[in-house]
Amino acid sequence: MDLGALFGSFDNFASFTVGGLVFGAIYALIALGYTMVYGVLQLINFAHSEVFMFGTFAVAWIFVLLHGTSDVSWSLGKALPILLVAFVAAMIVSALVALLLERVAYRPLIQKNAPKLIALISAIGASFALSEAMGLRDRFAGWFGLDHKLSNYVSPGAARDVYSNPVSIQPHKLFEIGGYAVSDVDIVIIVAALLMMFALDQFVRRTRFGRGIRAVAQDPESASLMGVNSTRVVQVTFLIGGLMAGAAATLYMMKIGSTRQNAGFILGVKAFTAAVMGGIGNLRGALLGGLLLGIMENWGAAVFGSEWRDVVAFVLLVLILLVRPSGLLGEALGKARA
Amino acid sequence: MLLEVEGLCVNYGHIEAIRDISFGVEEGTITTLIGANGAGKTTTLKTISGLRPVRAGRIVFDGTDITHLPPYERVKMGLSQSPEGRGCFPGMTVRENLDMGAFVRKDTRTPAYQQDLDRVFDLFPRLSERVNQMAGTMSGGEQQMLAMGRALMARPKVVLLDEPSMGLAPKLIAQIFAIIDEIRAQGTTVLLVEQNAAQALKRSDSAHILETGRIIRSGPGRDLAGDASVKAAYLGGDV
């Protein structure tokens, strides 16, 4: 094999790196939800992908609500007011879905001390139920005779198809790195994701409640003896995961502009991969894993062709876990101090 | 009575861990539970703290029935515990562990809180040297001190100490017991579970011997320590 020719296609290193960072930041935000819940409950919340997916719909719905259905292309500045409303709405919707999951799919099992495997099955079931429920939203509306009134939102007859945001955001070039036009959208995504993660890291490290979360992660029984309400801690953990997923959903819709009822699946798997790669249970691991996965799969796509993107991502996961089974930064929400 | 346990029964699945246990803890005293491994001492403490569900009987603390209160409510009422195996938070510093001990307190920015920290550092000078060290990297003896200091940071009315001398060197054990005396002298009631029966009985105002989940004997600590059959069974012959 002629390596020179292979890497010849890899002439735009910087462009693939920045592109990868943008997706990596979104992966990292979703990964936080997996990693927080794992840190506190040692349980993989497989339905977290659906928490994200509901957020993407919330974004599109807000645009339909506040703008209407005429397809337009706006600059980031023009879309910003609606985008901010959508950001808040997506966070609320995702957080509510996450809290509902905790209440319905997990808490009854945890209270009965069910094996983790049972909770995992419950999670997979909840994931399918949520995803399919979104795909049947026209029927739900139909029960109340609202399917025509709400047709812009529930897409009667096409509820399972791609659902596009009527406003596509036109990226505006800010500067160039190695031939890649870095846009305002890219910068906003990366900066917003990093800010959210920084805020969460500080919350967990510095506040009283954050200390309670770390205490439950490190030794749940001792935490109870200190007066920590572990049910409340679990609830807040799901809430935080939901808020982060809602933020990720907004950033995703800025970049991609459309969603569907199964949009969470691949993103969820990638984010879960990022969490495991960085060391599940470790907040900073989720950030590192997310950014790294985004960059590496983009490089992989550049070298081998874009159809190889996911192959590269998952081969990378296997390789990293072979060398460091507990992930790059190691396990445990508590032990790494965040 | 500050703490009263009446007819307490606790099961693990179908196995009876403790059966019909009754005893009281008078304010300002040291009360000790001794017994062999598996006699139900730790289960009794965990149940008093609310970590195990009660099958029958009741627990009254400070005049309130707490039998079915969640653990955090009991901590708020002034019941704190240093668990068996210490249960320090390994990824937190000594200071953070002590702050965890005061999790239910709202006065963490007041001089009163600082006084309580100073009090713990007086009892355990070793901890003040290590405020910023991760608990997980400390020796067993240091972790024991941290667990006890942490339990005191809640300003409890009664502190439950589960095997504070377990796995420690003899010199450290003597130190731990001296500190238990000091905790009582400062006005905190102590409920102690110990394997080290000789040391524990000597300083207990009242003591109870557990065997396979039941209390088989009760009395002032010194009386039990002087009893021939107790000596033979729990104190390894002579004291």
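Read-outs: derived from the displayed coordinates by stated rules, not from any lab. Owing to the predicted nature of the structure, the values given are computational and were not obtained by experimental measurement. Note that we place each Cβ from the backbone using ideal geometry, even for glycine, and neighbour counts take in every protein chain shown.
Can you tell me the orientation of helix B:170-185 relative to chain B, as the angle in degrees between its alpha-carbon axis and the longest Cα principal axis, to the nearest 10?
So the inclination is approximately 90 degrees.
What does the C-alpha gyration tensor say about the overall shape of the stretch A:141-241? Classify as rounded when a/c is under 1.5, otherwise prolate if a/b is larger than b/c, or oblate.
oblate
Amide H to amide H under 5 Å from B:L3: which residues, 5+ apart in sequence or cross-chain, H placed 1.01 Å off N in plane?
Distant-sequence amide H within range of B:L3: B:V25, B:D62.
Can you tell me what share of the DSSP beta bridges in the protein assembly as shown is antiparallel? A percent to the nearest 5 is fine.
55
Using only Cα atoms, what is the ratio of the radius of gyration of the stretch A:3-323 to 2.2 N^0.38 Å?
So the Cα radius of gyration is 1.02 times the expected 2.2 N^0.38 Å.
Rounded to the nearest 0.05, what FRET efficiency is calculated for B:K202 and A:R103 with R0 set to 51 Å and r the Cβ-Cβ distance?
0.45
Pick from A:G257, A:G157, A:G55: which is most flexible by mean-square fluctuation in a GNM of chain A where alpha carbon atoms under 10 Å apart are linked?
Among A:G257, A:G157, A:G55, the largest mean-square fluctuation in the Gaussian network model of chain A belongs to A:G157.
Mind listing the phi-derived Karplus ³J(HN,Hα) values for the stretch A:283-296, rounded to whole Hz, using 6.51, -1.76 and 1.60 with θ = phi - 60°, and x for any glycine or proline?
Couplings: 4, 5, x, 5, 5, 4, x, x, 4, 5, 4, x, 5, 5 Hz.
List the residues, sorted by chain then number, that are 5 or more residues from B:A17 or on another chain and whose placed amide H is less than 5 Å from its amide H.
B:V10, B:N11, B:Y12
What is the distance in Å between the Cα centres of the stretch B:41-90 and the stretch A:281-298?
Their Cα centres are 42 Å away from one another.
Select from B:C9, B:C88, B:T29 the residue farthest towards the positive end of the dipole of the stretch B:4-95; place +1 on Cβ of Lys and Arg, -1 on Cβ of Asp and Glu, and compute about the Cα centre.
The residue sitting most towards the positive pole is B:C88.
Just how far, in whole angstrom, is the stretch A:124-154 from the stretch A:51-75 if you go by their alpha carbon centroids?
17
Obtain the nm distance between the two label points defined at A:H67 and A:R139 by a simple spin-label model: each point lies 7 Å from its Cα along the Cα-to-C-beta direction.
3.1
Using the count of nearby Cβ atoms within 10 Å as a rough guide to exposure, how do A:Y27, A:Y153 rank from fewest to most?
A:Y153, A:Y27
Can you sort B:F177, A:F16, A:F198 from fewest to most other Cβ atoms within 10 Å of each residue's own Cβ?
Result, fewest neighbours first: A:F198, B:F177, A:F16.
Angle, helix B:111-123 long axis vs. longest principal axis of chain B, Cα atoms, 0 to 90°, nearest 10?
Compared with the principal axis, the helix lies near 60 degrees.
What nm distance separates the two modelled labels at A:H172 and A:V311, each placed 7 Å from Cα along Cα→Cβ?
4.1
Taking a threshold of 27 Å on the Cα-Cα distance, which of the pairs B:K171/B:K231; A:K112/B:K41; B:K157/B:K202; A:K112/A:K270; A:K116/B:K157 fall above it?
Beyond 27 Å between Cα atoms: A:K112/A:K270; A:K116/B:K157.
In whole Hz, with x marking every Gly and Pro, tabulate ³J(HN,Hα) for the stretch A:83-93 from phi via Karplus 6.51 cos²θ - 1.76 cosθ + 1.60, θ = phi - 60°.
Rounded to whole hertz, the list is 4, 5, 4, 5, 4, 5, 4, 5, 5, 5, 4.
Pop out the ³J(HN,Hα) list for the stretch B:201-207 in order, Karplus 6.51 cos²θ - 1.76 cosθ + 1.60 with θ = phi - 60°, rounded to Hz; leave Gly and Pro as x.
With coefficients 6.51, -1.76 and 1.60, one gets 4, 3, 10, 8, 6, 9, 9 Hz.
With +1 on the Cβ of every Lys and Arg and -1 on the Cβ of every Asp and Glu, and nothing else charged, how large is the dipole of chain A about its Cα centre, in debye rounded to the nearest 20?
1180
Can you give the FRET efficiency to the nearest 0.05 for B:D107 and B:V60, using r as the Cβ-Cβ distance and R₀ = 30 Å?
Efficiency computed from Cβ-Cβ geometry: 0.65.
Quick one: order B:T47, B:T29, A:T69 by neighbouring beta-carbon count within 10 Å, fewest to most.
A:T69, B:T29, B:T47
Can you bin every Cα-Cα distance in the stretch A:78-168 into 10 Å intervals starting at zero and give me the percent of pairs per bin, rounded to whole numbers?
Pairs per bin, as whole percents: 14, 30, 34, 17, 5, 0.
Which of the listed residues, A:S75, B:I66, B:S128, is farthest toward the dipole's positive end in the protein assembly as shown, when Lys, Arg count +1 and Asp, Glu count -1 at the beta-carbon?
Most positive-ward Cα: B:I66.
Amide H to amide H under 5 Å from A:I177: which residues, 5+ apart in sequence or cross-chain, H placed 1.01 Å off N in plane?
Here the answer is A:V182, since their amide H atoms fall under 5 Å of that of A:I177.
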